[in-house]
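See below for the structure under consideration.
The values are calculated or read from the model by the stated rules, or taken from the named source; none is laboratory data. Nothing here was measured: the structure is a model prediction, and the numbers come from that model. All Cβ positions, glycine included, derive from the backbone under ideal geometry; neighbour counts span all protein chains shown. The accessibility values were calculated without ligands, DNA or RNA, using every heavy atom of the protein model including side chains. Shrake-Rupley method; radii C 1.70, N 1.55, O 1.52, S 1.80 Å.
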Amino acid sequence: MSGFAMGESVESSSRGRTRGYLDSLAVVKQGAEARVYRGQFLGRAAVVKERFPKTYRHPALDEKLTHRRTAQEVRSILRCRKAGISAPVVYFVDYVSNCIYLEDIEQSTTVRDYIMSTQQTEKADGKLSDLAEKIGQLLARMHDEDVIHGDLTTSNMLLRSPFDELNLVMIDFGLSFISALPEDKGVDLYVLEKAFLSTHPNTENIFKALLKSYTSTSKKSGPVIKKLDEVRLRGRKRSMVG
């Protein structure tokens, strides 16, 4: 058997083993780009993110793009963790099947659910102001490390138990990339603002507190906030034009 054929055989065998393992896990989320599974990996609670092939793309191009996206996601998570920004531990990366094996943040809740439940309580304003300050600090540190999340929503932030300690964890870096450009960071904040205000009505003051915290924490906030204002203006113009 030639070296090329042997390599193909080993790769096919690896894909088969991974497929068998994934089929034994519970699917918790299905998106356009990936499936997310929950189960055990080497005795630890884990989440497995599988980027599956896109049949509408040429196989060689699809493999190249999928591999690149997987690598970018892992790089962003590791960069955050190295800087002390809370994100899931990366247990293992399978570049043959484009799977990332991650820590399962057990007994957690999404920031989305926390905000919705807190809004029903008497001390909502104080608790949500504290949360906004924590989120602003976290995003400032992330952007100062030049990590662009790409899909900032309150569903992609978790709170570890006990929730009132506001121990935040950033998740789902599937659209993330590394960039020092204020434009990219401004767009990141704009995406969060649109998602935040559409998901959580009547929280404009909470988001303002978040941006205030971001501005006071980030060493590079000036140009970023300026770009955020420019992106907002472009967004309003598009809405007026339709």
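For segment 117-139, what are the residues that are assigned to a helix (DSSP H, G or I) and of a type outside the set (A, V, I, L, M, F, W, C)? Lay out the reasoning, then the answer.
Quick first cut of segment 117-139, residues assigned to a helix (DSSP H, G or I) only: 117-118, 124-139.
Within segment 117-139, Ser117, Thr118, Asp125, Gly126, Lys127, Ser129, Asp130, Glu133, Lys134, Gly136, Gln137 meet the criteria.
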Q: Please find, within segment 122-142, the residue that is surrounded by the most Cβ atoms within 10 Å (Cβ to Cβ) out of those that are over 17 Å from Asn205 (Cα atoms) and not charged (D, E, K, R).
A: Leu139
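So that you can scan it fast, the table gives a plain yes or no per residue for (1) assigned to a helix (DSSP H, G or I); (2) open to solvent by less than 70 Å² (accessible area, probe 1.4 Å); (3) in contact with a His (Cβ under 7 Å, 6 or more places away or on another chain); (4) not aromatic (Phe, Trp, Tyr):
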| residue | (1), (2), (3), (4) |
| --- | --- |
| Cys80 | yes, yes, no, yes |
| Ile85 | no, yes, no, yes |
| Pro88 | no, yes, no, yes |
| Val93 | no, yes, no, yes |
| Val96 | no, yes, no, yes |
| Ile100 | no, yes, no, yes |
| Ile105 | no, yes, no, yes |
| Arg112 | yes, no, no, yes |
| Ile115 | yes, yes, yes, yes |
Q.
For segment 143-165, check the following and say yes or no: at least one residue is basic (Lys, Arg), assigned to a helix (DSSP H, G or I) and open to solvent by 10 Å² or more (accessible area, probe 1.4 Å).
A. no
Q: Identify all residues within segment 25-68 that are assigned to a helix (DSSP H, G or I) and either open to solvent by 70 Å² or more (accessible area, probe 1.4 Å) or modelled with pLDDT of 95 or more (or both); write none if there are none.
A: Pro59, Leu61, Lys64, His67, Arg68
Q: Please work out which residue is surrounded by the most Cβ atoms within 10 Å (Cβ to Cβ), limiting yourself to segment 69-78 and to residues that are of a type in the set (D, E, K, R) and closer than 20 Å to Leu138 by Cα.
A: Glu73
**Q.** The one condition in (1) touching a strand residue (DSSP E or B) at 6+ places or on another chain (Cβ under 6 Å); (2) within 29 Å of Val147 (Cα to Cα) that Ala26 fails to fulfil
**A.** (2)
Q: Specify which of the listed residues (Lys227, Lys208) is modelled with pLDDT of 95 or more and within 27 Å of Lys127 (Cα to Cα).
A: Lys208
Q. Which pairs do you get when a residue that is assigned to a helix (DSSP H, G or I), found in segment 1-24, comes within reach of a residue that is modelled with pLDDT under 65 and loosely packed, with under 10 Cβ neighbours inside 10 Å, reach meaning Cβ atoms under 8 angstrom, with the pair 6+ apart or on two chains?
A. Ser9/Met1
Q | Subset tally (residues that are surrounded by 21 or more Cβ atoms within 10 Å (Cβ to Cβ) and under 17 Å from Thr118 (Cβ atoms)) for segment 182-205 | A | 1
Q | Failed condition for Phe173, given (1) within 16 Å of Ala83 (Cβ to Cβ); (2) touching a helix residue (DSSP H, G or I) at 6+ places or on another chain (Cβ under 7 Å); (3) assigned to a helix (DSSP H, G or I) | A | (3)
Q | Evaluation of Leu175 against (1) under 23 Å from Val90 (Cβ atoms); (2) open to solvent by less than 60 Å² (accessible area, probe 1.4 Å) (one fails), failing number | A | (2)
**Q.** Looking only at segment 80-128, and only at residues there that are among the basic types (Lys, Arg) and over 17 Å from the mean Cα position of the chain (by Cα), the one that is nearest to Phe196 (Cα to Cα)
**A.** Lys127
